[in-house]
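Working notes, structure below.
All of the numbers you see were taken from the coordinates with simple rules; none came from a lab. Here the structure is a predicted model, which is why all the values come from computation and not from measurement. Here Cβ is always computed from backbone atoms with ideal geometry, including for glycine, and neighbour counts include all displayed protein chains.
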Ligand code: IFM
C-alpha cells in the first residue's frame with residue numbers, strides 16, 4: 001500500500017521524473033547528434049540496436065503527458081533538458097526550436113499547478129563535444145557552464161528547482177570504466193578524468209547559474225547499498241571500496257572538497273594534473289541534494305588489479321532489471337547523507353521505482369509489484385523524516401515506460417504504460433494508487 005500524504009511532513013513534495021533522451025524523440029525539433037545516437041548505432045551496444053529517435057514522442061505529446069502528471073496528484077515534475085537539442089554543436093548558436101520546447105513545457109507545468117524541477121544534463125552529450133574527448137576533456141566543464149547559462153536565461157525565471165548533472169557515477173564510471181553506457185570505454189585513465197571533470201562541470205555550472213541569480217540549485221547522486229557477500233574481511237573491504245567508488249566519491253567531492261582515499265588508491269596516478277586546485281569550485285554551496293535509489297549489491301573480492309571486486313547475486317526478490325529489492329538501503333542513505341555530508345540541507349529522493357514486464361490485459365495493467373515497491377520505499381522515507389532527517393520530497397521513476405539506455409525499450413519503469421507501436425498511453429494500477437494516496441483526480 002502507498003502511504004497517504006498525511007503520513008509525511010507538511011509541504012513534503014511528491015513528484016515523478018523523466019529524462020529528455022529517454023522520452024522526447026531526439027529525431028524531432030532540430031536536436032543535434034549525441035554520443036547515445038552513435039553508441040546505439042554501433043552493433044552490440046544496445047538491445048535491438050534501439051535508439052531515442054522517437055522514444056515516447058513526448059516532444060509532440062507533452063500536453064497529454066503533463067495531464068497524466070497532474071492527474072496522479074503530483075506536486076512536481078522532474079524533467080531534463082537535452083544539451084544537443086538546445087546547442088546542436090555543444091556550444092555556439094542555440095537551436096530556437098529547442099529552447100521554445102522547454103519554454104512551452106515549463107509554462108505547461110505552471111498552467112497545471114505543477115512545479116518544474118529541471119535537470120540540465122541526463123546523459124545526451126552532443127557529438128561535437130564527444131569528438132573532442134567528451135568528459136575526458138577538461139574543457140567540457142566550461143562548455144557545460146555555458147549551456148547552463150543558455151538554458152537558465154530562458155527558463156530560469158519560472159523553474160522551481162535546478163539540478164546540474166544526473167548521476168555522476170553513471171556519466172563517469174559506468175560509461176568509462178565498465179563501458180556499459182556511451183561512450184562505452186573501459187579505461188582507467190579516461191575514468192579518472194571523467195570522475196573529476198563531471199564534478200568540475202557541476203561546480204562551474206553552479207557558479208554560472210548563481211551569477212545569473214538562479215536559486216534552489218542542487219545535485220543528484222545515485223546510491224547503491226554495498227553489503228559484503230560473506231563474513232570475510234576481504235568481502236568487507238570489497239564492499240567498502242564499492243561504497244567509496246559508487247556513493248562516497250561524489251558526495252565527498254561536493255560536500256567535503258576531498259575524494260575518499262579508497263578511490264585515490266586506484267585513480268590517483270590517472271587524475272588530471274592539478275585536480276586538487278579545483279576542489280573549491282566543486283564544493284560550491286548548494287540548496288539541496290537529490291538521491292536516486294533502486295537496489296543493493298553484494299560484493300566479494302576478485303583477482304586482478306584495483307578495484308579487485310565483483311558483484312555476487314543476492315537472495316532477495318528482484319525487479320525486471322535483476323536488481324534486488326532492498327528498501328532499507330534508502331533509509332540508510334537518507335540518514336547517512338544528512339549525518340555525514342549535508343546536515344540540515346533538504347534531501348529529495350529524486351528517483352525511485354522499478355522495472356516490471358507489464359502487459360495490458362483487457363486494457364488494464366495490474367502492476368501490484370510496483371505498488372508494493374513504492375509503498376515499502378516510501379515507508380522508509382516516512383520513518384527517516386520521523387527521525388528528524390530533513391527529507392523533503394520523493395519522485396517516482398518514471399512517469400512513462402521509456403528508453404532504458406543499453407537495454408532499449410524492453411524494461412518498463414513507467415507508472416503509465418506506453419505501446420511503442422502506437423505510442424498510446426495507459427495508466428497502470430500504480431498510477432491510480434498514487435492518485436488515491438495523493439488526492440489526484442485519477443484515484444481509483
Ligand atoms: O532510467 C534510468 C535513469 O535514466 C537514471 N536512473 C536510473 C534509471 C533506471 O535505470
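Rank by packing, highest mean first: peptides 343-350, 22-29, with packing defined as the count of other Cβ atoms within 10 Å averaged across residues.
Sorting 343-350, 22-29 by mean packing, highest first, produces 22-29, 343-350.
Wrap a convex hull around the Cα atoms of region 84-152, take a quarter of its surface area, and give that in square nanometres.
Computing the convex hull of the Cα atoms and averaging its projections yields 4.6 nm².
Would you mind putting 304-311, 100-107, 290-297 in packing order, based on average other-beta-carbon counts within 10 Å, highest first?
290-297, 100-107, 304-311
For region 59-119, with equal point scatterers placed on the C-alpha atoms only and solvent neglected, what are the log10 I(q)/I(0) values from the Debye formula at q = 0.13, 0.25, 0.28 1/Å, to two decimals?
Values returned for q = 0.13, 0.25, 0.28 Å⁻¹ are -0.36, -1.01, -1.17.
Quantify how much of the Cα-Cα distance distribution of region 139-283 extends past 26 Å, in percent.
Looking at region 139-283, the distances longer than 26 Å represent 28 percent of pairs.
Could you bin all the Cα-Cα distances of region 1-91 into 10 Å bins starting at 0 and give me the percent of pairs in each, rounded to whole numbers?
15, 36, 27, 16, 7, 0
How big is the Kirkwood radius of region 35-186, worked out from every pair of different alpha carbons and given in Å to one decimal?
Across region 35-186, the inverse of the average 1/r is 16.4 Å.
Tell me, how many Å apart are the Cα centres for region 258-274 and for region 143-184?
22
With labels modelled as points extended 7 Å from the Cα through the Cβ direction, what inter-label distance (nm, one decimal) is found for residue 158 paired with residue 146?
2.7
If you take every DSSP beta bridge whose two residues both sit in the chain, what share of them, in percent to the nearest 5, is antiparallel?
20
Please report Rg over Rh for region 302-390, where both radii come from the alpha carbon positions and Rh follows the Kirkwood definition.
For region 302-390, the value is 1.09.
Can you give me the P(r) profile for region 220-328? Cα pairs, bins 10 angstrom wide beginning at 0, each as a whole percent.
14, 38, 32, 15, 1
Can you give me the C-alpha center-to-center distance between region 327-365 and region 98-126, rounded to a whole angstrom?
22
Using alpha-carbon positions, what is the distance between the centroids of region 209-250 and region 379-397, in Å?
18
Using mean Cβ contacts within 10 Å as the protection proxy, how do 228-241, 72-85, 325-338, 401-414 order, highest first?
The peptides rank, most packed first, as 72-85, 401-414, 325-338, 228-241.
Counting other beta carbons within 10 Å of each residue's own, what order do 161, 33, 252 fall into, fewest first?
Going from sparsest to densest Cβ surroundings: 33, 252, 161.
If I take all pairs of Cα atoms in the chain, what percentage of them are more than 38 Å from each other?
15
Over region 16-62, one equal point on each Cα, no solvent: what is log10 I(q)/I(0) by the Debye formula at q = 0.31 Å⁻¹?
-1.14
Normalising by the residue count of the chain, find the relative contact order in percent from Cα pairs under 8 Å and 6+ residues apart.
The normalised contact order for the chain reaches 19 percent.
Quick one: P(r) of region 343-444 from all Cα-Cα pairs, 5 Å bins, percents rounded to integers, in order of increasing distance.
Percent of pairs per bin, in order: 3, 12, 21, 22, 17, 12, 8, 4, 1, 0.
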